[in-house]
Amino acid sequence: MGRDAPPDPSRYLFLAILVFAGGLGLAALTDGGRTAWHTLTTVPPAILPILLALSATNYALRAIRWQIFSRALHLNVPPGLNALYYVAGFSMTATPGKLGEALRLWLMHRSHGTRYESTAALLVADRLSDAVAVTAVVAITVGWFAHYAWMAAISVLIVAAITALALRPALLLSVIDLLFGRLRRWPRLFVRARRAVRALQRLADPRVFLLALLLGTLGWCAEALSFSLLLRALDVSLNPMAGAFIFAFGMMVGAISILPGGLGSTEATMVGLLVSQGVPFATALVATAVVRLTTLWFAVVLGMIALPIALGRRVQTGAAGA
């Protein structure tokens, strides 16, 4: 990304909104529309601030985790501004595979001169700890959906393998050296790749990664709890742990799909699991729509508010990354 070219999330955002609204609208029409609308009117307004507060708790814990990773990399970015950049990154959540969230690295480089080879490790560790946290919630709650245990087990094994690889920088360095030995081209690219892996090695310290994992898991548990509370408010007699599994499993499927914000795959998974438990389709649809509005879209709104503020920062201080 160019230093002075502000990123534009609007093209992805418009498409994501269209897909989200269109998909839910079509689903509602299959149920006659009126039933879903009537169910929506039964959502107690008092529950909405609680759902938003739990989502905000998730974002706050993850922002703290981002700061912990940044401190481990010795990045000279003030905590307040670092949190601002983290929230601003949510404006690009509705991009394929959430790759647009790399905007955070661009903002840090633009205002504080951090090196991408250092902050790339920051992004990798952040995404990896999210994956581990969501998978942990799935593993803890899968007992209420025993017939999905095999899928949960496969997910745990895949995430564990990726985590083990990322936390063993020596192996990654060997792979980089092997590739360079075969290609003998782009030496600067491979040097930067080695620097990024060495930065990742600092984040592999158990004292850093385990604390980050704890914060991430607590954050995602807060959002899973919000879904269970919403179901209770809609008079759905489902065990809270089952509700947590449905939410976390939907998030995991959405992440695997690499679709923008998991749109379509996450919603279909959540609705399908709810219906399989005897929840009326209209209720399942409304519960899914509301929880996505108070999680995914709440994050996007916060990101869109934070982004102009972050772009207003012009505090180039020279190289700040190791």
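The values are calculated or read from the model by the stated rules, or taken from the named source; none is laboratory data. What you see is a predicted model, and the numbers here were worked out from it, not measured in a lab. Using ideal geometry, Cβ is built from the backbone for each residue, glycine included, and neighbour counts are taken over all protein chains shown.
Things to note:
- Criterion violated by ALA212 - all others in (1) free of Cβ contacts under 8 Å to residues at least 60 places away in the same chain; (2) over 18 Å from ALA289 (Cβ atoms) satisfied: (1)
- The condition of being over 18 Å from the mean Cα position of the chain (by Cα), surrounded by fewer than 22 Cβ atoms within 10 Å (Cβ to Cβ) and modelled with pLDDT under 80 holds for only one of ALA164, ALA153, that being ALA164.
- Identity of the residue in the stretch 38-94, β-branched (Val, Ile, Thr) and within 20 Å of the chain's Cα centre (by Cα), that ends up farthest from LEU123 (Cα to Cα): THR57
- Taking the conditions (1) in contact with a helix residue (DSSP H, G or I) (Cβ under 6 Å, 6 or more places away or on another chain); (2) closer than 18 Å to PHE249 by Cβ; (3) not aliphatic (A, V, I, L, M) in turn, GLY143 satisfies each one other than (1).
- Members of the stretch 70-91 that are touching an Asp or Glu at 6+ places or on another chain (Cβ under 8 Å) and surrounded by fewer than 24 Cβ atoms within 10 Å (Cβ to Cβ): ALA72
- Residue count for the stretch 259-311, restricted to those that are under 18 Å from SER228 (Cα atoms) and assigned to a loop (DSSP other than H, G, I, E, B): 6.
- Any hit, the stretch 67-79, residues being part of a helix (DSSP H, G or I), in contact (Cβ under 8 Å) with a residue 12 or more places away in the chain and on the phi > 0 side of the Ramachandran plot: no
- Scan the stretch 218-239 for residues that are part of a helix (DSSP H, G or I) and either modelled with pLDDT under 90 or of a type in the set (Ser, Thr, Tyr) (or both) and the total you get is 2.
- Some residue of the stretch 243-261 being over 15 Å from TYR148 (Cβ atoms), touching a residue at least 24 places away in the same chain (Cβ under 8 Å) and crowded, with 23+ Cβ neighbours inside 10 Å: yes
- Annotation note: of TRP66, TRP144, TRP106, the sole residue that is closer than 24 Å to ALA244 by Cα and among the aromatic types (Phe, Trp, Tyr) is TRP144.
- Residue in the stretch 114-136 that is more than 19 Å from ALA199 (Cα to Cα), part of a loop (DSSP other than H, G, I, E, B) and of a type in the set (Gly, Ala, Ser) present: no
- Among the residues of the stretch 148-163, some residue qualifies, meaning at least one is of a type in the set (Ser, Thr, Tyr), within 23 Å of ILE256 (Cβ to Cβ) and free of Cβ contacts under 8 Å to residues at least 60 places away in the same chain.
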